[in-house]
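**Q** Have a look at the structure that comes next, please.
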Amino acid sequence: ETRRALKTLVSDVVEPLGPTLLQVPAVPSDVAFLESFSSAMFAGRGTYGWGGSWGGDAYHLLQYAHIQPEIVYEDTILKSGLEGYKVLVMMDCDVLTASVVQKANDFQRAGGVIVGDDRLCPAVKPDIVVPRYERTKQADADKAALLDRAKTLSEQLAARHQDYAVSSTPDVIPYLRRCGTSDYVFAINDRREFGDYVGQHHLVMEQGTDAAAEFGVRKAAGFAYDLVEHRKIETVSADGITRWPVELGPGDGGLWLVTDAPVERVTIEAPKETARSTECRIAIAVTDGTGKNIDAVVPVELRISDPDGRPGEFSGFYGAADGKLDLTLAFAPNDTPGVWTIEARELASGLTKRQFIRVSSAKAAQ
């Protein structure tokens, strides 16, 4: 069923939200996850592009703990150091070069936390040890073991590290991006059970199930919008966290925009009249109740239609950076004269604004 799932993903996420997400940068992580080339070469460790080893499971475990790690390599550490990180995760790191060991120990002496397993190179002493887990080929038992280790690790790190995006359910995994003062919170529903295809062998839980969770960001107050369903979500703010309910179907995901100010208005500035063979500028703004632009890249669907209702050039999806979108419309010599319609719909709360432009058949006087 991949083709159907991919079609839905493209139509519901990639096309309407792609222009926005391309402008939203990743959030720098304060947790580094070392993929050791030395250990891969001299101890046979590492993932080699697959997640079937303890190294892959350890990374998965961090996601169950709702930690958003950044993968680093030995070259990364030697060239850029570990500045900006609070935690260094060193799984399957049996063999390390002396220079990397020195960097890791310097990081630890400066207050950084090292998380390792029982294979860690003896020259590095971890602050937290996560017991290695070897899969038993019973997928449900293996997942339960990883969830248990994730819970323990989360508790051990609580005093030293707090993730900005939170989820009440371990296998409903949050992922954060940010632009300006606004947060983009993704969700992946990883809750699964055995089906009757390969599940009968208990090696893989291939059947997704529904899941509910409470998501939140460490923001004293905020306004949440479902960017897939294009509607506002009711939030509750307490203890410095803004929370909202999440319900996901089997194999489902989600994406929410959390802003400091509410989305309350869409405006369009455009000339009332123009002519064929000319260009005209339009300005679209997504603002709060005071007229201040939303500090985010807001997804916008623009529909331009001629007097006969046919879609015109420049119709499509856009990302309105800083809540504004400026475009230059070019009317062709053979465009239909009459009243054209410009409709802008912001895809956070679903607000829509329309503006009309009369296009004359004669080119405007210069």
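The values are calculated or read from the model by the stated rules, or taken from the named source; none is laboratory data. Small disclaimer: the values here were computed from a predicted structure and weren't measured. For neighbour counting, all protein chains shown are included, and Cβ atoms are generated from backbone atoms with ideal geometry for every residue, glycine included. Heavy atoms of the whole protein, side chains included, go into the accessibility calculation; ligands, DNA and RNA do not. Shrake-Rupley method; radii C 1.70, N 1.55, O 1.52, S 1.80 Å.
**Q** Going by a ≥ b ≥ c, the root eigenvalues of the Cα gyration tensor, does the stretch 7-125 fall in the rounded group (a/c under 1.5), the prolate group (a/b larger than b/c) or the oblate group?
**A** prolate
**Q** Here is a further query. How far is helix 139-157 tilted, in degrees, relative to the longest principal axis of the Cα atoms in the chain, given as a value from 0 to 90 rounded to the nearest 10?
**A** Computed tilt is about 90 degrees.
**Q** Something else about it: What does the highest-first list of 272-284, 181-193 look like by mean Cβ count within 10 Å?
**A** Packing order, densest peptide first, comes out as 181-193, 272-284.
**Q** How big is the antiparallel share of DSSP beta bridges in the stretch 92-235, given as a percent to the nearest 5?
**A** Among the beta bridges of the stretch 92-235, antiparallel pairing accounts for roughly 90 percent.
**Q** Further, regarding this structure: Averaged per residue, what accessible surface does the chain expose to a 1.4 Å probe, in Å²?
**A** For the chain, the solvent-accessible area averages 51 Å² per residue.
**Q** Would you give the gap between the C-alpha center of the stretch 219-265 and the C-alpha center of the stretch 144-210, rounded to a whole Å?
**A** Centre-to-centre (Cα) distance: 18 Å.
**Q** Hey, can you rank 215-225, 292-302 by average C-beta count inside 10 Å, highest first?
**A** Taking the mean over residues of other Cβ atoms within 10 Å, the ranking is 292-302, 215-225.
**Q** Something else about it: Around Gly46, which amide H atoms from residues at least 5 apart in sequence, or from another chain, sit under 5 Å from its own amide H, with H modelled in the peptide plane?
**A** Amide H neighbours of Gly46: Gly55.
**Q** Angle, helix 98-109 long axis vs. longest principal axis of the chain, Cα atoms, 0 to 90°, nearest 10?
**A** 80
**Q** Mind ordering 261-271, 7-17 by average Cβ neighbours within 10 Å, highest first?
**A** Sorting 261-271, 7-17 by mean packing, highest first, produces 261-271, 7-17.
**Q** Let me ask something additional. So what's the gap between the Cα centers of the stretch 1-17 and the stretch 78-133, to the nearest angstrom?
**A** 40
**Q** Rounded to the nearest 0.05, what FRET efficiency is calculated for Thr209 and Ala158 with R0 set to 22 Å and r the Cβ-Cβ distance?
**A** Between Thr209 and Ala158 the formula returns 0.15.
**Q** Let me ask something else about it. Name the shape class, rounded, prolate or oblate, that the alpha-carbon gyration tensor gives for the stretch 91-163, where a ≥ b ≥ c are the square roots of its eigenvalues, rounded holds for a/c under 1.5, and otherwise prolate holds if a/b is larger than b/c and oblate otherwise.
**A** Taking the square roots of the gyration eigenvalues as a ≥ b ≥ c, the stretch 91-163 is oblate.
**Q** Report, for the chain, the % of DSSP beta bridges that are antiparallel, rounded to 5.
**A** Antiparallel: roughly 80 percent of the beta bridges in the chain.
**Q** Using helices alone, what [θ] at 222 nm do you get for the chain, with -39,500 (n - 2.57) per DSSP H run of 4 or more residues, divided over all residues and rounded to the nearest 500?
**A** -5500 deg cm²/dmol
**Q** Next question, about the same structure. At a temperature of 4 °C and a viscosity of 1.567 mPa s, determine how fast the stretch 210-366 diffuses translationally according to Stokes-Einstein, using the Kirkwood radius over alpha-carbon pairs as Rh; express D in µm²/s, rounded to the nearest whole number.
**A** Once the numbers are plugged in, D ends up at 75 µm²/s.
**Q** Would you work out the relative contact order for the chain, in percent, from Cα pairs under 8 angstrom that are 6 or more residues apart?
**A** This gives 14 percent for the chain.
**Q** Starting from the Cα gyration tensor of the stretch 179-244, take the square roots of the eigenvalues, sort them a ≥ b ≥ c, and report rounded, prolate or oblate (rounded when a/c is under 1.5, otherwise prolate if a/b is larger than b/c, else oblate).
**A** prolate
**Q** Can you check what the Kirkwood hydrodynamic radius comes to for the chain, Cα pairs only, in Å to one decimal?
**A** 23.6
**Q** If the only charges are +1 at each Lys and Arg Cβ and -1 at each Asp and Glu Cβ, what is the size of the charge dipole of the chain around the Cα centre, to the nearest 20 debye?
**A** Using only the charged Cβ atoms, the result is roughly 700 debye.
**Q** Given a 1.4 Å probe and every protein chain left where it sits, what share in percent of the accessible area of the stretch 35-94 is carbon and sulfur?
**A** 54
**Q** Which of the lysines could be linked to Lys272 by a straight reach, that is with a Cα gap under 28 Å, when you skip same-chain ones fewer than 8 residues away?
**A** Lys292, Lys324, Lys353, Lys363
**Q** May I ask you to list the lysines whose Cα is less than 30 Å away from that of Lys79, ignoring any residue fewer than eight positions away on the same chain?
**A** List returned: Lys103, Lys125.
**Q** Continuing with the same structure: Taking the alpha-carbon distance from Lys137 and a cut-off under 28 Å, which lysines remain once sequence neighbours fewer than 8 residues away in the same chain are dropped?
**A** Lys151
**Q** Further question on the same structure: To the nearest 10 degrees, how steep is helix 54-64 against the longest Cα principal axis of the chain, on a 0 to 90 scale?
**A** With rounding to tens, the tilt is 50 degrees.
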